[in-house]
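Report on one structure; see the data block that follows.
The values are calculated or read from the model by the stated rules, or taken from the named source; none is laboratory data. Since this is a predicted model, take the numbers as computed values, not measurements. In this analysis, Cβ positions are derived from the backbone assuming ideal geometry, glycine residues included, and neighbour counts consider all displayed protein chains.
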Amino acid sequence: MRWLGNVSVDKEYRSMVVYLDTKEEVDRLLAKMTVTMANGECAYTRPFVIGRQPARCYRCHLYGHLHYRCRAPAPVCGQCALPGHAASTCTSTTFKCAACGGKSAHKATDSGCPVYRRELAKLRPSPLHSYD
């Protein structure tokens, strides 16, 4: 079992992941739809699916590799798409996406980026554990 999120923050509701050994245990817990906790409170059950993200390099902002495998000669700005500096030091007020080849008017981190959307569509959500 593990909590999702920061447990030190005072919240009325929390989410946790419970790891089980067999598919039968998983099916039994999910079929109940609720479970009574040790403190007497009721908790709802549902499958936990890991949200997968496409591999994106934070050095050149291209997809398909991570920064430690990047072959770009210099870092590329995620805000203006120019090489040689990071977005944190960028003074440009015009956004250009490095993943789109500098042709789109958004940051490389924009969730609406068509390249990001295409890469995301290639991924399918996968269960935390597969029992097949």
Give the residue, chosen from Ala31, Ala72, that is in the same structural domain as Ala108 (by TED's automatic domain parsing), without any contact (Cβ under 8 Å) to a residue 60 or more places away in the chain and aliphatic (A, V, I, L, M). Ala72
Any hit, the range 86-98, residues being touching a strand residue (DSSP E or B) at 6+ places or on another chain (Cβ under 8 Å) and surrounded by fewer than 11 Cβ atoms within 10 Å (Cβ to Cβ): no
Only one of Lys107, Lys96 that is over 24 Å from Gly51 (Cβ atoms) and more than 16 Å from the chain's Cα centre (by Cα): Lys96
Can you name every residue in the range 34-69 that is loosely packed, with under 13 Cβ neighbours inside 10 Å, in contact (Cβ under 8 Å) with a residue 60 or more places away in the chain, under 30 Å from Ala108 (Cβ atoms) and not hydrophobic (A, V, I, L, M, F, W, C)? Gly51, Arg52, Gln53
